[in-house]
Amino acid sequence: MGKNLLLTTLGLIPAISYCTETIQNKADKPNIVIILIDDLGWKDVGFMGSKYYETPNLDKLASQGMVFTNAYAAAANCAPSRACLMSGQWTPRHGIYTVDNSDRGKSKDRKLIPTTNIVTLDINIQVIPEILKQNGYVTCHAGKWHLSDDPLQRGFDVNIGGCHAGNPGSYYPPYTNVPLVAPYKDYYLTNLIMDKTLDFLKLVKNKPFFLNYAPYAVHTPIQPLKNLLAKYKIKAEWNGQNNAEYATMVENVDTQIGRLIEALTESGEIENTLIIFTSDNGGVYNITKQWPLRAGKGSAYEGGIREPMIVFWKGKISGGTKSDIPVSSLDFFPTILEVAEIEKPANIILDGQSILPLLTGKKKFKERPLFWHFPIYLEGGNKETQDTIFRTRPGSTIRSGDWKLIQYFENNDLELYNLKKDIGEKHNLANVNRDKTNELLGLLEKWRQETKAPVPYELNPNFIKK
């Protein structure tokens, strides 16, 4: 059976199209795999300390690569985080801040008119697969895309279940929002996506590949793997983690990643493959806790933006190593370019920097401030967010060294935390350490000017002050 016919038969749409330009031999280019889990929290994996969730495959990968303890998503919720990762740009440059509309929650609770949200990544902003494809890579997207209707129009040769949807209607068939057909009744979506991913890998010969593996799991709906549920129902709670149904989804994602690593190992490709594992934002607070981190998905606090992260590259990165230096998902794009020895195109802006010096220890890594900007509202607050109405209100955030400043636009409220001494962000030092507050505020304002970040100021006439 020919490759095109086989891909069509497997449901990988469309068949792979190959570049006609002359490319380097495969041995000259490493394969690149991004594993981007959805809504997986900082403490939702064994290698970060969880005693409730079981992730043996990820724990093994962590022991063979470098773990980043201060790794951040560039945004606190799905769509903007993915847009930042794929484009390598801060949110103000692409304008995606949330899913759908920006006036979330009840109008009477919103003091300001939020910035209008963009829901589709601008076609003029180049993304990682486009650059890699231009340089001889075969590219595959598997799972959640969320940035446009069709990832095939953004540099991917193969699309496995990716579309604009942010979650499946169900992990059991029919999957509704996801354009995949189950082979039989009760076939779990996460497993099917990996099945087809492995089929893709079997077909790639004599070319380097880029795989963006981004399963919809462990995003809602929370639907358990039936064969795993019993053991978690009797398992003791740990550090606020006790959701048995969610735990089965975490373990199953780990199992699928194990299948991927096993396939790469059996084919020999693991010898020349860079793997980056992380999550797109923090865990959902009412499902899983990240203590000592505060809050969860959608929040500017650490529980919303700090992520588990592993980088593996056999023979290039020392196994069992850790880095406490803050890094961002914005750094993936420039890192991949350096690893693949591709010169950055002159016409694109990349806001991150390559972390290859950290990975190899061959060069010094220049630390820099990290920024977040969220000029809109996101409902669903809880006792650990700023208030119980919104997970976050319009504002900007900066982390510089051990210090973190959050500025909220409604009343210019400021929160300053020393994360080294207060990782749980319990002690606001904004009025105690005015010098540091003013220093970080100045850096934040300068960054907003440089990125043309919109700051909402128009008052909402429907707002009811409490």
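One table, with the values for the structure above:
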{"item": "Residues being crowded, with 24+ Cβ neighbours inside 10 Å and outside any strand (DSSP E or B) - total across the range 62-77", "result": "7"}
{"item": "Residue satisfying condition, being crowded, with 21+ Cβ neighbours inside 10 Å, touching a strand residue (DSSP E or B) at 6+ places or on another chain (Cβ under 6 Å) and not assigned by TED's automatic domain parsing to the domain that holds residue 88, within set 440, 429", "result": "440"}
{"item": "Within the range 144-190, considering residues that are of a type in the set (Gly, Ala, Ser) and either out of contact with any Phe, Trp or Tyr (no Cβ under 6 Å at 6 or more places or on another chain) or not in a loop (DSSP other than H, G, I, E, B) (or both), the one surrounded by the fewest Cβ atoms within 10 Å (Cβ to Cβ)", "result": "169"}
{"item": "Selected residue (only one of 397, 392 is outside the structural domain of residue 86 (by TED's automatic domain parsing), surrounded by 18 or more Cβ atoms within 10 Å (Cβ to Cβ), within 27 Å of residue 67 (Cβ to Cβ) and under 22 Å from the mean Cα position of the chain (by Cα))", "result": "397"}
{"item": "Enumeration of residues in the range 77-100 that are among the basic types (Lys, Arg) and over 17 Å from residue 297 (Cα atoms)", "result": "93"}
{"item": "Answer residue from the range 380-409, given it is part of a loop (DSSP other than H, G, I, E, B) and basic (Lys, Arg) and is farthest from residue 104 (Cα to Cα) among those", "result": "383"}
{"item": "Where a residue in the range 130-154 is in the same structural domain as residue 215 (by TED's automatic domain parsing) and its partner, wherever it lies, is surrounded by fewer than 20 Cβ atoms within 10 Å (Cβ to Cβ) and of a type in the set (Gly, Ala, Ser), with Cβ under 8 Å and at least six apart", "result": "144/165; 144/166; 146/165; 146/166; 154/148"}
{"item": "Which numbered condition residue 331 fails, given (1) within 21 Å of residue 450 (Cβ to Cβ); (2) surrounded by fewer than 22 Cβ atoms within 10 Å (Cβ to Cβ); (3) among the charged types (D, E, K, R)", "result": "(2)"}
{"item": "Subset of the range 218-236 [part of a helix (DSSP H, G or I) and of a type in the set (A, V, I, L, M)]", "result": "229, 230"}
{"item": "Tally, over the range 410-426, of residues that are surrounded by 19 or more Cβ atoms within 10 Å (Cβ to Cβ) and in a loop (DSSP other than H, G, I, E, B)", "result": "1"}
{"item": "Residue identified as assigned by TED's automatic domain parsing to the domain that holds residue 170, touching a Gly at 6+ places or on another chain (Cβ under 9 Å) and surrounded by fewer than 20 Cβ atoms within 10 Å (Cβ to Cβ) among 283, 320", "result": "320"}
{"item": "Yes/no for residue 217 being more than 30 Å from residue 337 (Cβ to Cβ) and either among the small types (Gly, Ala, Ser) or in contact (Cβ under 8 Å) with a residue 24 or more places away in the chain (or both)", "result": "no"}
{"item": "Residue that is surrounded by the fewest Cβ atoms within 10 Å (Cβ to Cβ) [pool: residues in the range 237-279 that are touching a residue at least 60 places away in the same chain (Cβ under 8 Å) and in a loop (DSSP other than H, G, I, E, B)]", "result": "237"}
{"item": "Hits in the range 128-166 (condition: over 24 Å from residue 354 (Cα atoms) and of a type in the set (Asp, Glu))", "result": "149, 150, 157"}
{"item": "Subset of the range 298-329 that is of a type in the set (Asp, Glu) and under 18 Å from the mean Cα position of the chain (by Cα) - its residue that is farthest from residue 69 (Cα to Cα)", "result": "302"}
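Every residue, every condition in (1) farther than 24 Å from residue 290 by Cα; (2) among the polar types (S, T, N, Q); (3) touching a residue at least 24 places away in the same chain (Cβ under 8 Å), yes or no:
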position: 409; (1), (2), (3): yes, no, yes
position: 419; (1), (2), (3): no, no, yes
position: 425; (1), (2), (3): no, no, yes
position: 431; (1), (2), (3): yes, yes, no
position: 443; (1), (2), (3): yes, no, yes
position: 447; (1), (2), (3): yes, no, yes
position: 466; (1), (2), (3): yes, no, no
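The values are calculated or read from the model by the stated rules, or taken from the named source; none is laboratory data. Everything numeric here is computed off the predicted structure, so don't read it as measured data. Cβ coordinates were reconstructed from backbone atoms using ideal geometry, including for glycine residues, and neighbour counts include every protein chain displayed.
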